Amino acid sequence: MSALDDVRAAFLDAHGHAPDGVFSAPGRVNLIGEHTDHNEGHVLPFAIDRRTWVAAGRRPDGTVTVRSSDPGTGPATAAVGTLREATGWAAYPLGTVWALEQAGLEPSGWDLVVHGEVPLGAGLSSSAALESAVALAVAELGGADLDRFALAAAGRRAENEVVGAPVGIMDQAASLLCREGSALLLDCRSMATEDVALGLEEAGLGILVVDSRVRHDLADGGYADRRAACVAAAAALGVPALRDADLAGVEGLADEVLRRRARHVVTEEARVHEVVTLLRAGKAPDVGPVLAASHASLRDDFAVSVPEVDALVTAAEGAGALGARIVGGGFGGSVLALVPRAALEDVAAACRAAARGPEPTVREVAPAPGARRDV
Ligand code: ADP
Ligand code: MG
C-alpha cells in the first residue's frame with residue numbers, strides 16, 4: 001500500500017468515515033548557506049522525496065484530534081481555544097492550527113491523521129514537513145485566504161511559540177514553496193524567493209545525506225554562542241547584520257574569534273551566490289568544491305564541526321564525492337555529499353566504514369515537489 005492509502009485507511013479506521021482531504025509536504029535539505037539565515041543572508045534548500053501525509057476532516061464539536069503512525073507517539077485531543085497549550089509531538093500539529101487561527105483561519109474542530117516518511121531528527125526536517133502538511137490541509141479545507149508564505153510563517157510560529165524551538169523559516173518555506181527539480185533561493189531578510197533548477201539528473205549526480213547519529217551536548221549552547229558572536233561582530237562593524245558586511249571589513253576586526261565567525265558568514269553568503277551562478281550555467285559538478293569550501297569554513301572559522309563529522313566528510317570525498325559538508329546547526333548531525341551516480345555506493349560504504357561512533361545512516365535524497373493536496 002502507498003503512504004496515501006495508509007493514511008486514508010488509518011483515518012477511516014479512527015473516525016469511521018473518509019477524510020475530507022489528504023495533503024502532503026516534504027522534508028528538505030539545505031544545499032548551501034549554513035548559518036547565513038540568522039544573519040539575514042541567503043539559503044538554498046530543496047524539498048526531498050520523503051513526505052509527511054495528513055488526512056484531515058472537519059469536526060462539528062470544537063475538538064481537535066491528532067494521531068500519527070509514528071510508533072513513538074500517541075493520539076491527543078484538545079478543545080479549540082486550548083491548542084496553544086499542546087505538548088509533546090502534538091504541539092507541532094495543534095500549534096500549527098493555533099497559529100493559523102491567529103492568522104485569520106476561522107476556529108473549528110478537526111481530525112488530523114498523520115503518516116510520515118521523513119525520518120525524525122535526521123536533519124531532514126520532519127517537523128517542518130508535519131507543520132506544512134497540517135497548515136495546507138487546515139487552511140484549504142477551512143477556507144482560509146492565506147498564501148503559502150503565510151502557511152510557512154504559521155508553521156514556524158507553532159515551532160517557536162508552542163513547541164518552543166527557536167527555528168527560522170527556511171524549513172517551512174522549502175516544504176511549502178519548492179518545485180520539483182529545483183532548489184529555493186530564499187533571502188532571509190526580504191523573504192523574496194527564486195527557483196533555481198538543480199540539474200542533478202542531467203549531470204549524472206546524486207545527493208547523499210549521511211546522519212552521523214552523533215550529537216554533542218554543547219549543541220544548544222554552541223548554537224546560541226555562534227548567534228551571539230554574529231550579533232557582536234555586526235555591531236563591531238556597524239552594520240545591521242553580517243549580511244551587510246564585506247570581507248575587507250571583517251578582516252579588520254580586532255577580536256580573532258569574532259573575525260573568524262564573521263568570515264564564515266560573509267564567505268558562506270558569497271558561496272550561496274556562487275552555487276546559484278554555477279547551477280544556472282548548467283555546471284552542477286562544479287558545486288562540489290564549493291561544498292568542500294563551506295565545510296572547511298564551518299569547521300575552521302565557525303568551529304561547529306566535530307571529529308566524527310569531519311571523518312565522514314573526508315571519507316565521502318576520498319571515495320569519489322565531488323564535495324561534502326556538515327549541514328544543520330552543528331556539533332554533530334548530518335553530512336551532505338554531492339556524488340556522481342556511479343560512486344554512490346562507494347561513498348555510502350566509505351562513510352559507514354569511517355564511522356567513529358554509531359554506524360551512520362546513509363540516505364539518497366532527490367529533489368521533489370513541495371506541499372500539495374493529494375486527494
Ligand atoms: P527534524 O530535524 O526531523 O525536524 P525535530 O526535532 O525538529 O527534528 O522534529 C522532530 C519531532 O517532530 C519529533 O520528535 C516529533 O515530535 C515531531 N514529528 C515529526 N514528524 C512526525 C510524525 N510523522 N509523527 C509524529 N510526530 C512527528
Ligand atoms: Mg525540525
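The values are calculated or read from the model by the stated rules, or taken from the named source; none is laboratory data. On a predicted model such as this, the values are computed, not experimentally measured, just so you know. Reconstructed Cβ throughout: ideal geometry from the backbone, glycine too, with neighbour counts over all protein chains shown. For the accessible areas, the whole protein counts, side chains as well, though only heavy atoms, and no ligand, DNA or RNA atoms are used. Shrake-Rupley method; radii C 1.70, N 1.55, O 1.52, S 1.80 Å.
What to note about this one:
- Per-residue HN-Hα couplings for segment 84-100 [Karplus 6.51, -1.76, 1.60; θ = phi - 60°; Hz; x = Gly/Pro]: 5, 8, 4, 10, x, 5, 5, 4, 5, x, 5, x, 5, 4, 4, 5, 5
- Each Lys and Arg contributes +1 and each Asp and Glu -1, all at the Cβ; summed about the Cα centre of segment 3-198, the dipole is approximately 180 debye.
- Computed from backbone phi with θ = phi - 60° and the Karplus coefficients 6.51, -1.76 and 1.60, the 3J(HN,Hα) list for segment 269-275 is 4, 5, 5, 4, 5, 4, 5 Hz; x is used for glycine and proline.
- Solvent-accessible area assigned to carbon and sulfur over the chain amounts to 49 percent, based on a 1.4 Å probe.
- The reciprocal of the average 1/r between distinct C-alpha atoms defines the Kirkwood hydrodynamic radius, which for segment 200-365 equals 16.5 Å.
- For the peptides 126-139, 186-199, 145-158, 342-355, the ranking by packing is 126-139, 145-158, 342-355, 186-199, with the highest mean count of neighbouring Cβ atoms within 10 Å listed first.
- Projecting the alpha carbon convex hull of segment 303-350 along each direction and taking the average yields 3.0 nm².
- Interchain or long-range residues, amide H under 5 Å from Ser334's placed H: Ser212, Val327
- Remark: segment 200-365 carries 42 Å² of accessible area per residue (probe radius 1.4 Å; ligands, DNA and RNA excluded).
- Convex hull of Cα atoms in the chain, direction-averaged projection (nm²): 18.2
- Our summary gives the chain a relative contact order of 22 percent, counting only alpha carbon pairs under 8 angstrom and 6 or more residues apart.
- Ellipticity at 222 nm from helices only: DSSP H runs of n ≥ 4 in the chain, each -39500 (n - 2.57), divided by the residue count, give -12500 deg cm²/dmol.
- Stokes-Einstein diffusion coefficient of segment 4-55, Kirkwood radius over Cα pairs, 4 °C, 1.567 mPa s, in µm²/s: 97
- Across segment 3-198, counting alpha-carbon atoms alone, Rg and Dmax equal 15.8, 49 Å.
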